[in-house]
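Engineer: First, the structure itself, so that you have it in front of you.
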Amino acid sequence: YGCGLCVPDVLEGTTVLDLGCGAGRDVYIASQLVGPKGKVIGVDMTEEQLAVANEYREYHAEKFGFDNVEFHLGKIEELDQIESLEDGSVDVIISNCVINLCPDKEAVLKSCKRLLRPGGELYFSDVYSSRRVPESLRKDEVLWGECLSGALYWNDFQ
């Protein structure tokens with residue numbers, strides 16, 4: 001599953017947004033960490049993945065005694081189209097090896113900034129490059145799907 005979940009040490013009572021949540025694995029882990037007073041929102045662009053995530057929602061609610069998750073269908077570069085995501089409403093945004101799969105990384109990062117409360121943080125594990133990936137490699141669908149040719153070039157976002 002991706003590059004690995006990374007989250008801050010303390011999440012209790014916070015609102016967390018998981019970009020590219022897939023079948024909800026990281027959402028359900030974060031759900032336990034934020035506890036019953038927190039909330040975790042998962043966004044993914046694939047209906048099939050979200051169907052799996054929602055299939056286990058009741059199980060997790062019964063197991064841990066609270067239901068503090070919600071899932072939304074959408075692209076993470078189009079977060080403004082998800083009505084329930086309000087500006088300044090999220091404490092922590094997490095993403096596990098998904099931003100590199102987005103063609104418009106700048107749109108994703110701008111939305112993160114807009115959604116985070118003052119002092120909020122973005123935690124993401126992803127694939128980075130020490131130089132811009134050549135156009136010929138960025139167009140390679142196999143390398144893109146393997147999370148290689150969409151690697152973030154850090155200097156593009158300073």
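The values are calculated or read from the model by the stated rules, or taken from the named source; none is laboratory data. Here the structure is a predicted model, which is why all the values come from computation and not from measurement. Positions of Cβ are generated from backbone atoms using ideal geometry, with glycine treated the same way; all protein chains shown enter the neighbour counts. In case anyone asks, the SASA skips ligands and DNA or RNA and just uses the protein heavy atoms, side chains included. Shrake-Rupley method; radii C 1.70, N 1.55, O 1.52, S 1.80 Å.
Engineer: Tell me the relative contact order for region 21-129 as a rounded percent, counting alpha carbon contacts under 8 Å between residues six or more apart. Intermediate results must be reported in sequence, preceding the final value.
Structural biologist: On the way: 161 pairs, mean separation 26.0, N = 109.
Relative contact order comes out at 24 percent.
Engineer: So, one more: With +1 on the Cβ of every Lys and Arg and -1 on the Cβ of every Asp and Glu, and nothing else charged, how large is the dipole of the chain about its Cα centre, in debye rounded to the nearest 20? Kindly include the intermediate steps, with their values, before the conclusion.
Structural biologist: Numbers: 15 positive and 28 negative charges, 95 e Å.
Taking the Cα centre of the chain as origin, the dipole is about 460 debye.
Engineer: For the chain, just give the cysteines left without a disulfide-compatible partner, judged by no other Cys Cβ under 4.7 Å.
Structural biologist: Here Cys6, Cys21, Cys102, Cys112, Cys147 come out as lacking a disulfide-compatible partner, given the Cβ-Cβ threshold of under 4.7 Å.
Engineer: Here is a further query. Give me the percent of accessible area attributable to carbon and sulfur for region 9-87, probe 1.4 angstrom.
Structural biologist: It is 45 percent, rounded to a whole number.
Engineer: Across region 48-56, in residue order, what do the Karplus-derived ³J(HN,Hα) couplings come to in whole Hz, using 6.51 cos²θ - 1.76 cosθ + 1.60 with θ = phi - 60° and x for Gly and Pro?
Structural biologist: Whole-Hz 3J(HN,Hα) from phi for region 48-56: 5, 5, 5, 4, 5, 4, 5, 4, 9.
Engineer: Another question, if that's okay. A 23 angstrom limit on the alpha carbon distance is what I want to check against. Which of Lys113/Lys139; Lys75/Lys113; Lys39/Lys63; Lys75/Lys105; Lys63/Lys113; Lys37/Lys63 exceed it? Write down the numbers at each step before the final one.
Structural biologist: Numbers: Lys113/Lys139 28 Å; Lys75/Lys113 16 Å; Lys39/Lys63 16 Å; Lys75/Lys105 11 Å; Lys63/Lys113 34 Å; Lys37/Lys63 16 Å.
Violating the 23 Å Cα-Cα cut-off are Lys113/Lys139; Lys63/Lys113.
Engineer: Roll a 1.4 Å probe over the protein chains and send me the accessible area per residue for the chain in Å².
Structural biologist: Numbers: 9030 Å² over 158 residues.
Value returned for the chain: 57 Å² of accessible area per residue.
Engineer: Once you place label points 7 Å from the Cα toward the Cβ at Cys6 and Leu101, how far apart are they in nm?
Structural biologist: 1.9
Engineer: What does the charge dipole of region 87-146 about its Cα centre add up to, to the nearest 20 debye, if the Cβ of each Lys and Arg holds +1 and the Cβ of each Asp and Glu holds -1? Display every interim value, and only then the final one.
Structural biologist: On the way: 9 positive and 10 negative charges, 49 e Å.
Its charge dipole is roughly 240 debye.
Engineer: Kindly work out what percent of the DSSP beta bridges joining two residues of the chain are antiparallel, to the nearest 5.
Structural biologist: 0
Engineer: Something else about it: Could you give the size of the charge dipole of region 32-86 about its Cα centre, using +1 on the Cβ of each K and R and -1 on the Cβ of each D and E, expressed in debye and rounded to the nearest 20?
Structural biologist: Details: 5 positive and 13 negative charges, 80 e Å.
Magnitude of the dipole: close to 380 debye.
Engineer: Once the Cβ-Cβ distance between Ser125 and Val52 is put in as r, and R0 is 25 Å, what FRET efficiency do you end up with, to the nearest 0.05?
Structural biologist: Details: r = 21 Å, r/R0 = 0.85.
It comes to 0.70.
Engineer: Under 13 Å from a point placed 7 Å out from the Cα of Asp156 along the Cα-to-Cβ direction: which residues of region 68-106 have their backbone N that close?
Structural biologist: Within reach of a label on Asp156: 99-106.
Engineer: A further question on this structure: So for Glu146, Glu141, what's the accessible-area order with a 1.4 Å probe, most first?
Structural biologist: Numbers: Glu146 120, Glu141 160 Å².
Accessible-area ranking of Glu146, Glu141, largest first: Glu141, Glu146.
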